[in-house]
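Submitted below is the structure of interest, expressed as structure tokens.
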């Protein structure tokens with residue numbers, strides 16, 4: 001009698017098929033949803049898709065500082081017009097969406113960069129220790145003009161009205177004490193002044209004008225020199241009264 005045929009198909013030569021093990025079913029907690037903690041359903045770490053670190057990690061904690069530092073370097077080198085969110089992210093080595101982890105808007109990031117400028121200006125102001133109030137105002141005015149001349153891009157960013165008015169990151173809390181210091185000194189120089197803040201504001205506006213004209217090159221065109229010393233003396237005399245030896 002002929003041999004019975006087996007119903008199994010013959011294996012192909014070289015084939016090493018093995019029976020498949022049944023796949024374990026997903027639990028009710030993981031089936032049909034994506035995890036939110038940066039891990040996949042197996043519990044292994046999955047890096048964020050934007051190239052930044054997971055929230056709470058050491059690199060992520062340093063991302064904010066890196067973005068601000070990059071912005072400071074960029075504004076010093078190329079001016080305010082270079083401070084696009086995309087360019088800061090590119091130079092910091094992250095995706096253009098990564099900064100939004102710490103700065104929801106462009107204005108927030110610009111405010112953080114400007115705050116670094118106010119910090120440095122405040123540190124320079126703290127080195128002025130003259131006892132005489134008028135001499136101290138003169139020294140502070142020189143610090144202000146030197147800062148504006150040496151860090152023109154940062155100076156322009158710091159006094160943008162949209163940043164100061166927004167109040168983001170407590171920027172006004174960083175800047176207003178510097179003006180308060182000037183107003184207090186003006187009140188000491190001119191004790192009879194009804195509104196020392198107004199007199200201080202007029203003096204500051206004068207200094208700001210000198211700084212801007214110098215940055216634009218207009219001061220040299222008008223006076224033939226970039227030396228601000230005679231203009232500073234004239235501004236102090238106009239707002240504080242003549243100094244010693246000029247009365």
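Is segment 70-78 home to any residue that is in contact (Cβ under 8 Å) with a residue 24 or more places away in the chain, over 30 Å from residue 231 (Cα atoms) and not in a helix (DSSP H, G or I)?
Taking every residue of segment 70-78 in turn, none turns out to be in contact (Cβ under 8 Å) with a residue 24 or more places away in the chain, over 30 Å from residue 231 (Cα atoms) and not in a helix (DSSP H, G or I).
Does residue 42 satisfy the condition of being modelled with pLDDT of 90 or more and either crowded, with 16+ Cβ neighbours inside 10 Å or not assigned by TED's automatic domain parsing to the domain that holds residue 173 (or both)?
no
Under 6 Å between Cβ atoms, which residue pairs at least 6 apart in sequence (or on different chains) link something in segment 85-102 that is at positive phi with a partner that is not in a helix (DSSP H, G or I)?
Going by the 6 Å Cβ cut-off, there are no qualifying pairs.
Can you find a residue in segment 220-231 that is without any contact (Cβ under 8 Å) to a residue 40 or more places away in the chain, in the same structural domain as residue 176 (by TED's automatic domain parsing) and surrounded by 15 or more Cβ atoms within 10 Å (Cβ to Cβ)?
Yes; the residues of segment 220-231 include at least one that is without any contact (Cβ under 8 Å) to a residue 40 or more places away in the chain, in the same structural domain as residue 176 (by TED's automatic domain parsing) and surrounded by 15 or more Cβ atoms within 10 Å (Cβ to Cβ).
The values are calculated or read from the model by the stated rules, or taken from the named source; none is laboratory data. All of these numbers come straight from a predicted model, not from anything done at the bench. When we count neighbours, we look across all protein chains shown, and the Cβ atoms used for this are built from the backbone with ideal geometry, even at glycine.
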